[in-house]
1. Residue separation times 0.36 nm, minus the C-alpha to C-alpha distance between R327 and E516: what's the value?
2. Given contacts defined as C-alpha pairs under 8 Å and at least six residues apart, what's the relative contact order of the range 1-120, whole-number percent?
3. What is the sum of charges, Lys and Arg at +1 and Asp and Glu at -1, for the other residues whose Cβ falls under 11 Å from the Cβ of A205?
4. Kindly rank 245-251, 149-155, 401-407 from highest to lowest mean number of other beta carbons found within 10 Å of each residue.
5. Hey, for a label at E267 modelled as a point 7 Å past Cα toward Cβ, could you say which residues of the range 67-111 have their backbone N under 17 Å away?
6. Rounded to the nearest percent, how much of the accessible area of the chain (1.4 Å probe, protein heavy atoms only) is carbon and sulfur?
7. Residue by residue through the range 201-211, what is 3J(HN,Hα) from phi via Karplus (6.51 cos²θ - 1.76 cosθ + 1.60, θ = phi - 60°)? Round to whole Hz and write x for glycine and proline.
8. How far apart, in nanometres, would the label points at A301 and E431 be if each is projected 7 angstrom from Cα along the Cα-to-Cβ direction?
Amino acid sequence: MEVFEVVIALLLGGAALAAVARRIGAPYPALVALAGAALALIPGVPTLVLDPELALALFVAPVLVDAAFDASPRDLRANWRAVAGLALGAVALTIAVVAVVVRMLVPGMPWAAAIALGAIVAPPDAAAATTVLKQLRPPHRLLVILEGESLFNDASALLVYRLAVGAALAGSLSGWTVLPTLLLMTVGSVVLALVLSRVTLAINARIQDVSTAIVMQFCSTFGVWILAEHLRLSGIITMVVYAMAASRRAAEIVPARIRIPAWAVWEVAVFVLNVLAFILVGFQLRSIAGRMTGAEGARYAVVAAVVCVAVILARIAWVMLAAAFSRWRCRPRADGTPGPRDAVALSARGAAVVGWCGMRGTVTLAAALALPTPQHGGAEFPYRDLIIVVAFGVVLGTLVLQGLTLRPLMLRLRLEDDGEVEREVRLARVETLRAAVDAVQASPGAETAALVRHRYDLQLTRAQAAVATPAAAVNGAGQDADEAVVRAATEAQRHRLVALRADGTIGDAAFQRVEEELDWAELDWARLVQAGQREDGAG
């Protein structure tokens, strides 16, 4: 009960810190990480050790599915060089640098354990960076690169992590078995993901109840991960491919009445899991602190600080050198002819932002917590306490140092939105409204069809004006008037509905049904008004 009370209090604190982070324009994981560190210093905090096999499934699977479901295969293909370079090259460089640095600082640590630590701290978490970047509207390609990297660097880093942990526990690893194992694991994970995405979509298509559908989404997420792990495949690759494959057909299968609440539930779930990860690490640090002497604590802090600096510098070096090479490759020839066109060549300012977006997060914490422990039937992993402290130090250091300075860096570099997404939004809005108008014209029912057609005609006229007219020429006063009309109408409806219940004319059952109808109508009108306002503000 004591642990439950602490967790509830810290979840409430995490929600408050997230609100503060939004007000100051900082990533909320940075403030939550500070709270997790403070937890380790509070006397009397209970000790809690999570089952290592549960750590990755609980924290990584839902977060990966949530991110991969929203990923764009088209944009990833267009930026595959930059994404692959970061997901493979930057991860490999970080693992090598960290392993060498740790071995220099702690000569007794086995190479396999040092490589495992490098794999734990190698993958950045794009969520912290994009939380800040989306508020500042940078070029869309930067977001695509960072989010795409975050999906695939988890796979590459955790593959190395699994091999290194196995080698550390077994004492050796046969090099001849590594490549066939990786190949089988990768191909098997992709095939399993494609099959399971079709199976789960077929099941979800037959579920009409909102609660059942959302529970099924979470159960299928954990079920896919567990099955992949039981088959000795890569849970990371399986989850990424599974979510991306499912997202291609889900729009046609999942109805809006399920999709809208599901988005809200998933957003809350990912937030809670992020906060819980930092809480659990705080519990672990508390128990580790109880076993350490003062000299050990100082040594652990030094190792964590040095590794954090090495991680930051390794990423910056890779990104800046890769971007410089790409620009050199695209330079004009000596005879004046243009060089090869690299669609993903980053400018120096863009490379500076990508290089600085190296904040570590939930995957690093979950991988550290997943190291085997004797308490849960595993062997004692060498230097486990040190690795957990260093992993949390890297997460805390990168989130605080890079996360809190990313906004000032973006403002100084003045990287602005290229308007690509807004252009596509306006185009899609016009085409879908044209389809709606054509469908209504062919529909029976003169009175209803006329009413619906008038509404779609009005929306189509505004959408076409947004495509054809510069933002400065669009009259925003009309949108303000629309918003005022909608607000007045919905408030009048709600006041009258409350009065009917108060005087006993209707009961609560009728009240709740009509209130739900008004909620959906208000959301619908609010969406239309906000869409018009976004058109006014788009370049």
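1. 62.5 nm
2. Relative contact order for the range 1-120 comes out at 14 percent.
3. Numbers: positive: R198, R206, R249; negative: E252.
Within the 11 Å Cβ shell, the charges total +2.
4. 149-155, 401-407, 245-251
5. Counting backbone N atoms under 17 Å from the label point, the list is 67-71.
6. Its accessible area is 65 percent carbon and sulfur atoms.
7. Whole-Hz 3J(HN,Hα) from phi for the range 201-211: 5, 5, 6, 4, 5, 9, 9, 10, 7, 5, 4.
8. A separation of 5.8 nm, rounded to one decimal place.
The values are calculated or read from the model by the stated rules, or taken from the named source; none is laboratory data. Note that the structure is predicted; figures quoted are calculated from it, not measured. Counting neighbours? That spans all protein chains shown, and the Cβs are built from the backbone with ideal geometry, glycine included. To get the accessible areas, we keep the full protein, side chains included, count just its heavy atoms, and leave off ligands, DNA and RNA. Shrake-Rupley method; radii C 1.70, N 1.55, O 1.52, S 1.80 Å.
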